[in-house]
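Participant: Here's a structure for you.
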């Protein structure tokens with residue numbers, strides 16, 4: 001039975017991609033390359049977790065999953081079901097399956113072995129390696145290998161046999177471009193906006209028409225904006241939790257800046273900005289000497305001791321260390337994302353609901369403290 005008789009095709013290579021799609025893809029890449037050079041603070045702010053770019057990535061991959069799975073089931077395209085499942089998986093992983101949105105504390109295995117202490121699978125480095133290389137492999141396989149196979153007779157028969165549909169040939173240069181950006185990695189956080197670009201490519205590969213694609217993008221952008229606002233609001237924080245986080249941040253700062261918690265590596269470093277758990281793993285912090293942190297008062301929190309062993313705040317997010325040393329002195333801060341589970345701070349400055357404890361030590365040894 002032929003592909004046509006089954007209601008499917010091994011290739012969408014003949015389907016045209018409207019010029020507006022190419023313009024949107026090019027505009028997205030140029031925008032972030034220019035922002036990284038001309039407005040680095042805005043660039044960094046836009047690409048933090050739970051901001052518009054990340055939520056748009058979630059929306060695009062979710063829409064791609066919806067279109068691909070619907071078409072795959074209707075046309076009985078087995079391989080396309082796997083592609084749709086991949087898009088759904090990426091959407092879920094991108095927002096940590098609701099961890100920060102709903103204030104979930106990950107299981108201990110995730111706190112201990114996940115590089116970002118998140119409810120995600122792709123950040124288990126020992127299993128999956130660098131996440132960007134997994135994305136590169138997916139982009140190369142789906143976006144370049146399948147279209148190449150579809151152009152050869154034997155390749156087309158192979159795709160037909162496994163019920164795989166190649167994306168339109170017009171998208172191949174964009175898949176190659178996304179791979180090149182991930183390999184080149186010209187600026188920090190490049191992967192964040194390239195993931196959004198990739199979500200758009202998967203959506204374009206499976207959307208049934210230009211009109212449906214525009215509708216999906218409009219709904220996705222509106223949802224991303226709404227979720228950005230929602231994720232920035234403090235939800236369900238109790239006075240006891242706030243007091244506990246403030247006490248823990250101050251105690252941890254005391255241990256690291258004035259106690260014995262900092263190792264020689266941290267003391268001699270010029271700049272360190274890491275999760276506490278990561279800083280322990282990399283030898284910047286001695287966990288056995290965090291005495292003040294271990295004894296911080298947290299009323300009505302029976303899980304405090306277990307949390308602290310992983311450097312996690314009352315809302316299930318990591319405590320962070322931020323230290324910079326230059327000719328003006330040393331700036332040392334410990335902070336929590338606070339009730340909204342999202343980084344809102346800039347430097348050592350308190351911003352929005354982040355919980356920040358900080359000290360400045362000038363070259364003469366004078367100390368200025370900022371309490372959370």
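Participant: Could you pull out the residue among 294, 279, 306 that is touching a strand residue (DSSP E or B) at 6+ places or on another chain (Cβ under 8 Å), within 22 Å of residue 111 (Cα to Cα) and not in a strand (DSSP E or B)? Working first, answer last.
Facilitator: Working: 294 fails: touching a strand residue (DSSP E or B) at 6+ places or on another chain (Cβ under 8 Å); 306 fails: touching a strand residue (DSSP E or B) at 6+ places or on another chain (Cβ under 8 Å).
It is 279.
Participant: What number goes with the only condition from (1) without any contact (Cβ under 8 Å) to a residue 60 or more places away in the chain; (2) on the phi < 0 side of the Ramachandran plot that residue 185 does not pass?
Facilitator: (2)
Participant: Check the stretch 244-256 and report whether any residue there is part of a helix (DSSP H, G or I) and free of Cβ contacts under 8 Å to residues at least 12 places away in the same chain.
Facilitator: no
Participant: If you don't mind, there's one more thing I want to ask. Looking at 263, 278, which is the one that is surrounded by 13 or more Cβ atoms within 10 Å (Cβ to Cβ), free of Cβ contacts under 8 Å to residues at least 40 places away in the same chain and assigned by TED's automatic domain parsing to the domain that holds residue 357? Please lay out each step first, then the result.
Facilitator: Values: 278 fails: free of Cβ contacts under 8 Å to residues at least 40 places away in the same chain.
Result of the check over 263, 278: 263.
Participant: Here is a follow-up. What number of residues in the stretch 107-136 are within 19 Å of residue 274 (Cα to Cα), modelled with pLDDT of 85 or more and assigned to a loop (DSSP other than H, G, I, E, B)?
Facilitator: Residues that pass the stated criteria total 7.
Participant: While we're here: Being assigned by TED's automatic domain parsing to the domain that holds residue 94 and in contact with a strand residue (DSSP E or B) (Cβ under 9 Å, 6 or more places away or on another chain) narrows it down to one of 205, 216, 249, so name that one.
Facilitator: Values: 216 fails: in contact with a strand residue (DSSP E or B) (Cβ under 9 Å, 6 or more places away or on another chain); 249 fails: assigned by TED's automatic domain parsing to the domain that holds residue 94.
After applying the criteria, what remains is 205.
Participant: Which helices (runs of 4 or more DSSP H) sit wholly inside the stretch 36-101 and have at least 3 residues that are under 12 Å from the mean Cα position of the chain (by Cα) and either buried (at least 22 other Cβ atoms within 10 Å of the Cβ) or assigned by TED's automatic domain parsing to the domain that holds residue 338 (or both)? Spell out the reasoning first.
Facilitator: Details: elements: 40-46, 52-75, 78-94.
In the stretch 36-101, 52-75 are the helices (runs of 4 or more DSSP H) which contain 3 or more residues that are under 12 Å from the mean Cα position of the chain (by Cα) and either buried (at least 22 other Cβ atoms within 10 Å of the Cβ) or assigned by TED's automatic domain parsing to the domain that holds residue 338 (or both).
Participant: Can I ask one more? Can you find a residue that is surrounded by 21 or more Cβ atoms within 10 Å (Cβ to Cβ), in contact with a strand residue (DSSP E or B) (Cβ under 6 Å, 6 or more places away or on another chain) and not assigned by TED's automatic domain parsing to the domain that holds residue 273 anywhere in the stretch 137-147?
Facilitator: Within the stretch 137-147, one or more residues are surrounded by 21 or more Cβ atoms within 10 Å (Cβ to Cβ), in contact with a strand residue (DSSP E or B) (Cβ under 6 Å, 6 or more places away or on another chain) and not assigned by TED's automatic domain parsing to the domain that holds residue 273.
Participant: Could you tell me how many of the residues in the stretch 347-372 are modelled with pLDDT of 80 or more, under 33 Å from the mean Cα position of the chain (by Cα) and not in a loop (DSSP other than H, G, I, E, B)?
Facilitator: Looking only at that region, the number is 6.
Participant: Residue 240 versus (1) surrounded by 19 or more Cβ atoms within 10 Å (Cβ to Cβ); (2) closer than 18 Å to residue 103 by Cβ: which is the lone unmet condition?
Facilitator: Exception for residue 240: condition (1).
Participant: In addition: Quick check, is residue 183 surrounded by fewer than 13 Cβ atoms within 10 Å (Cβ to Cβ), over 27 Å from residue 228 (Cα atoms) and at pLDDT 95 or above?
Facilitator: Working: surrounded by fewer than 13 Cβ atoms within 10 Å (Cβ to Cβ): yes; over 27 Å from residue 228 (Cα atoms): yes; at pLDDT 95 or above: yes.
Judged against the criteria, residue 183 is a match.
Participant: Give just the number: which of (1) in contact with a helix residue (DSSP H, G or I) (Cβ under 9 Å, 6 or more places away or on another chain); (2) modelled with pLDDT of 90 or more; (3) under 23 Å from residue 188 (Cβ atoms) does residue 83 not satisfy?
Facilitator: Failing condition for residue 83: (3).
Per-residue answers, yes or no, for (1) farther than 26 Å from residue 18 by Cα; (2) without any contact (Cβ under 8 Å) to a residue 40 or more places away in the chain; (3) touching a strand residue (DSSP E or B) at 6+ places or on another chain (Cβ under 6 Å):
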{"site": "132", "(1), (2), (3)": "yes, no, no"}
{"site": "162", "(1), (2), (3)": "yes, no, no"}
{"site": "165", "(1), (2), (3)": "no, no, no"}
{"site": "173", "(1), (2), (3)": "no, yes, no"}
{"site": "179", "(1), (2), (3)": "no, no, no"}
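Participant: Going by what's in this entry, would residue 303 be described as at pLDDT below 90 and under 15 Å from residue 248 (Cβ atoms)? Don't jump to the end; show me each part of the working.
Facilitator: On the way: at pLDDT below 90: yes; under 15 Å from residue 248 (Cβ atoms): yes.
Answer is yes for this residue.
The values are calculated or read from the model by the stated rules, or taken from the named source; none is laboratory data. Not measured: the values here are computed from a predicted model. All Cβ positions, even for glycine, are placed from backbone atoms using ideal geometry, and neighbour counts span all protein chains on display.
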